[in-house]
């Protein structure tokens, strides 16, 4: 028996399907509905156990049929089975379709949304930490979404620790594994110092994303002990997990960008401060150096030159006077010639000139040393100012034990008149935010000091 080629076998299968299923009636629920640019319509018919790919060509599409085409709609479709040979996939070519009412799956989804809304699961969104240190990601290790998140986190942050809890994200086992992952976070978040939990997967069909519409998973995710980010599918997809999460990201990449936004802004701010400090230092240094060079080249040198010139004139006058007196002494008293000669040598003006030159050089060295000390002092002052600026950053203030309290409207609480009883307030500390309710307001618990009288005493 001669072997068949792939195309020959596929052609025979197509002929059999089209001959035996030239007209079929199929009941199912519309899912993953798409309208192509060529005006053909593609979707799936599904039930609890199977899925059938369907197409309605534009020649069979009319206004009545278009009204029946809604995701979740239960319909009866009439058509023929065909096979697309390049992909080896069979599908139902529909000529007529009739609605039977809303699909059970979508009806339950709307009921679950209503349940979550009425029971407060869509409220009380927690703020994400500005600078998380450790994040756990619940997803599949094979998910493209995971690679996108990891690339962005590694590129935009340094020192962020990432834990990955592997689960399947579609199929029969997905629900149980995702619930186990959330339970693991709740039991170990304190021991592992977890700050944020991300639940994510990439895009897919409605059926592939449906596990994230499970009511049990949505409730468990809402009750997670740490702030949550949901990043399921793409912008057009919205699941129950997106609705209950503290923050819903349009895509997995957007989740990573949300988590690292404060890191990026702080890094940019620090870079600007560094540039500003260096620029100010350079400007101050150039200014002081210009002053130094001006003094060195003008006032100091002129002053020393003038001093030397005056003293040289004095030396010349003294020398002339001495010489004249020596001549008179030699002429009048030759016996004292030797002693007077020694005296003249001891008063030689060249020695004084050398002394004055030494003094000049010492003054020059002293002036340069003083300028060096001045520059060192200015550098030290600049370093102190830099340290003070860094010390005033919000993170360092919180590290010293301080906290910042603000209202729901993000207004900083400065005195007791900024809040009322039963108001919800938030207190930011180093490792997170404390949510409180004002039960009572009190004045200062310590006596005020009269600073005027104290100043008078002193």
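The values are calculated or read from the model by the stated rules, or taken from the named source; none is laboratory data. What you see is a predicted model; the values in this text were computed from it and never measured. Cβ sites come from the backbone with ideal geometry, for glycine too, and all protein chains shown count toward neighbours.
Numbers at a glance
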quantity	calculated
Residue list for segment 191-219, restricted to those being farther than 23 Å from residue 112 by Cα, touching a residue at least 12 places away in the same chain (Cβ under 8 Å) and surrounded by fewer than 20 Cβ atoms within 10 Å (Cβ to Cβ)	192, 193
Where residue 171 falls short, out of the listed (1) part of a helix (DSSP H, G or I); (2) without any contact (Cβ under 8 Å) to a residue 60 or more places away in the chain; (3) over 31 Å from the mean Cα position of the chain (by Cα)	(1)
So residue 41, is it at pLDDT below 90, closer than 30 Å to residue 210 by Cα and within 45 Å of the chain's Cα centre (by Cα)	no
All positions within segment 243-262 that are surrounded by fewer than 22 Cβ atoms within 10 Å (Cβ to Cβ) and touching a strand residue (DSSP E or B) at 6+ places or on another chain (Cβ under 9 Å)	243, 246, 247, 248, 250, 251, 253, 254, 258
Positions within segment 35-78 being part of a strand (DSSP E or B) and within 18 Å of residue 89 (Cα to Cα), in sequence order	41, 42, 43, 44, 45, 46, 51, 52, 53, 54, 55, 56
Helices (runs of 4 or more DSSP H) within segment 196-266 that include 3 or more residues at pLDDT 90 or above, over 15 Å from residue 143 (Cβ atoms) and in the same structural domain as residue 117 (by TED's automatic domain parsing)	215-222, 240-244
From the options 353, 363, 398, residue that is surrounded by 12 or more Cβ atoms within 10 Å (Cβ to Cβ) and either touching a strand residue (DSSP E or B) at 6+ places or on another chain (Cβ under 9 Å) or modelled with pLDDT under 70 (or both)	398
Those residues of segment 137-158 which are more than 18 Å from the chain's Cα centre (by Cα) and part of a strand (DSSP E or B), in sequence order	138, 139
Among the candidates 105, 113, residue that is within 17 Å of residue 215 (Cβ to Cβ), touching a strand residue (DSSP E or B) at 6+ places or on another chain (Cβ under 7 Å) and part of a helix (DSSP H, G or I)	105
Meets criteria (farther than 20 Å from residue 106 by Cβ, in contact with a helix residue (DSSP H, G or I) (Cβ under 6 Å, 6 or more places away or on another chain) and surrounded by fewer than 13 Cβ atoms within 10 Å (Cβ to Cβ)) for residue 12	no
Neighbours by Cβ (under 6 Å, 6+ apart or cross-chain): first from segment 132-159, touching a residue at least 40 places away in the same chain (Cβ under 8 Å) and outside the structural domain of residue 251 (by TED's automatic domain parsing); second part of a helix (DSSP H, G or I) and surrounded by 19 or more Cβ atoms within 10 Å (Cβ to Cβ)	none
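For (1) in contact with a strand residue (DSSP E or B) (Cβ under 6 Å, 6 or more places away or on another chain); (2) farther than 21 Å from residue 275 by Cα; (3) modelled with pLDDT under 80; (4) outside any loop (DSSP other than H, G, I, E, B), each residue gets a yes or a no:
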site	(1), (2), (3), (4)
369	no, yes, no, yes
382	no, no, no, yes
387	no, no, yes, yes
402	no, yes, no, no
